[in-house]
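A short write-up of the structure that comes next.
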Amino acid sequence: MAVVEHALLPVRAGSEAAFEAAFAEARPLIEVSPGFLSIKILRPTGTGQPYLLLAEWRSIEDHRDGFRRSDRYQMWRNLLHPFYDPIPAVSYFGDAL
């Protein structure tokens, strides 16, 4: 069973273009992670709304214990976390109804 990682990314107003460029640079860091299946970031439809991150993993452990404890995650974090206010919370979802 795959799991979906969900996070609302509160990108600082005025830094959207820089965030999107940093995400393009960071994307390969996550794509090579064991257990990674897919990632999608959706742009907000209104000003001041968060971006939506949806990433699919084989398991929660692949994300939490694999990617988030890797050197690649530290690079990901250095590229993307400066854009967030506050730092986003992550949730996981499993089987569809």
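The values are calculated or read from the model by the stated rules, or taken from the named source; none is laboratory data. Please read all numbers here as calculations on a predicted model, not as lab measurements. Because the Cβ atoms are built from the backbone with ideal geometry, glycine has one as well, and the counts that use them run over all protein chains shown.
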**Asked** SER33 passes all but one of (1) in contact with a Ser or Thr (Cβ under 8 Å, 6 or more places away or on another chain); (2) surrounded by 12 or more Cβ atoms within 10 Å (Cβ to Cβ); (3) modelled with pLDDT under 95; which number fails?
**Response** (3)
**Item:** Hits in region 2-36 (condition: in a strand (DSSP E or B), farther than 14 Å from ARG72 by Cβ and within 13 Å of the chain's Cα centre (by Cα))
**Value:** VAL4, GLU5, HIS6, ALA7, LEU8, LEU9, VAL11
**Fill in**
Of the residues in region 46-93, those that are without any contact (Cβ under 8 Å) to a residue 24 or more places away in the chain and outside any loop (DSSP other than H, G, I, E, B) come to ARG64, ASP65, ARG68, ARG69, ASP71, GLN74, ARG77, ASN78, HIS81, PRO82
**Request:** List the number of the failed condition for LYS40; all other conditions in (1) within 18 Å of HIS6 (Cβ to Cβ); (2) out of contact with any helix residue (DSSP H, G or I) (no Cβ under 9 Å at 6 or more places or on another chain); (3) in a helix (DSSP H, G or I); (4) not aliphatic (A, V, I, L, M) hold.
**Result:** (3)
**Filtered residue count, region 8-17, keeping only those that are of a type outside the set (Lys, Arg) and touching a Phe, Trp or Tyr at 6+ places or on another chain (Cβ under 9 Å)** = 6
**Request:** Scan region 43-81 for residues that are of a type outside the set (A, V, I, L, M), touching a helix residue (DSSP H, G or I) at 6+ places or on another chain (Cβ under 6 Å), surrounded by 18 or more Cβ atoms within 10 Å (Cβ to Cβ) and closer than 28 Å to ALA13 by Cβ and report the count.
**Result:** 1
**Pairs, first on the phi > 0 side of the Ramachandran plot in region 25-45, second surrounded by 12 or more Cβ atoms within 10 Å (Cβ to Cβ) and among the hydroxyl-bearing types (Ser, Thr, Tyr), C-beta under 7 Å, six or more apart** = GLY35/SER59
